[in-house]
Amino acid sequence: MTKAILISTTFLLLYSTTFGQAKIDLNIDFMLRGHLYAESSIVDSAAPGGFGGSDNAPKKINAGLNFSENGLFLKIDTTTMVLISGKYNGYNLFIGNNSDNIIQLDASDSRLYVIAEIYYREKWQPIEYLPGSWCGNSYHRVYLKQNEYWAFAIPKFSGKIKTKLRYRLMTGKDKYIYSNEIFTSINKGQLSEKEGHTPEGIMDPYND
């Protein structure tokens, strides 16, 4: 895949025409595609190259952020509302490195392996999914140095089912870490119906 700057959230494209309207929560009835993209602190010299890039650069952790977590962590911050596409309410999700080591994570065209999950029928279930790429050049690693973090805008959902939500980050084969849990509401279709994607030419290696 040719190098390109990827927008940090897929659904921004879907709703970009709504700029300037009243602010609302995101009320949908399908699973969102994974939408958290990050720029690496260090170039992945082992990658074949040609993967899609991101302009979401890591930032230095400072005392004002009140990150008390240790090691690699995910944190949903509900104390401050952010605006997505000029219309949709959202929160910040932080991925931070409060360890003494550089963190290495797998990525696909700079998309991290992060999805949202909700607690439904006595178990955690995904309401987002990660599409696969047929292009080997899509796959690479991103690095987060000590005392650095990424920030992502995540939607504030609205729906008929009241529940809890968390985010899950894959850190290795069958290895995950989880964010704090927050209250939310979703629709049943978010548990099964994929958002879907139509490839935009031969240079787009995704079809779901």
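The values are calculated or read from the model by the stated rules, or taken from the named source; none is laboratory data. All figures in this text were calculated on a predicted structure; none of them were measured in a lab. Cβ: placed from backbone, ideal geometry, glycine included. Neighbour counts: every protein chain shown. With ligands, DNA and RNA removed, areas are computed over all heavy atoms of the protein, side chains included. Shrake-Rupley method; radii C 1.70, N 1.55, O 1.52, S 1.80 Å.
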### Task
State which residue is nearest to Leu74 (Cα to Cα) when the search covers only segment 164-183 and only residues that are open to solvent by less than 20 Å² (accessible area, probe 1.4 Å) and at pLDDT 95 or above.
Ser179
### Members of segment 43-71 found to be at pLDDT below 95, in contact with a strand residue (DSSP E or B) (Cβ under 7 Å, 6 or more places away or on another chain), outside any strand (DSSP E or B) and under 23 Å from Asp109 (Cα atoms), listed by number
Asp44, Ala47, Phe51, Gly52
### Query
How many of the residues in segment 31-46 are surrounded by fewer than 17 Cβ atoms within 10 Å (Cβ to Cβ) and of a type outside the set (D, E, K, R)?
4
### Query
Can you find even one residue in segment 159-177 that is under 21 Å from Gly90 (Cβ atoms) and touching a Lys or Arg at 6+ places or on another chain (Cβ under 6 Å)?
no
### Summary
The number of residues in segment 72-87 that are open to solvent by 20 Å² or more (accessible area, probe 1.4 Å) and in a strand (DSSP E or B) is 9
### Task
Among the numbered conditions (1) surrounded by 17 or more Cβ atoms within 10 Å (Cβ to Cβ); (2) more than 24 Å from Asp25 (Cβ to Cβ), tell me where Lys145 comes up short.
(1)
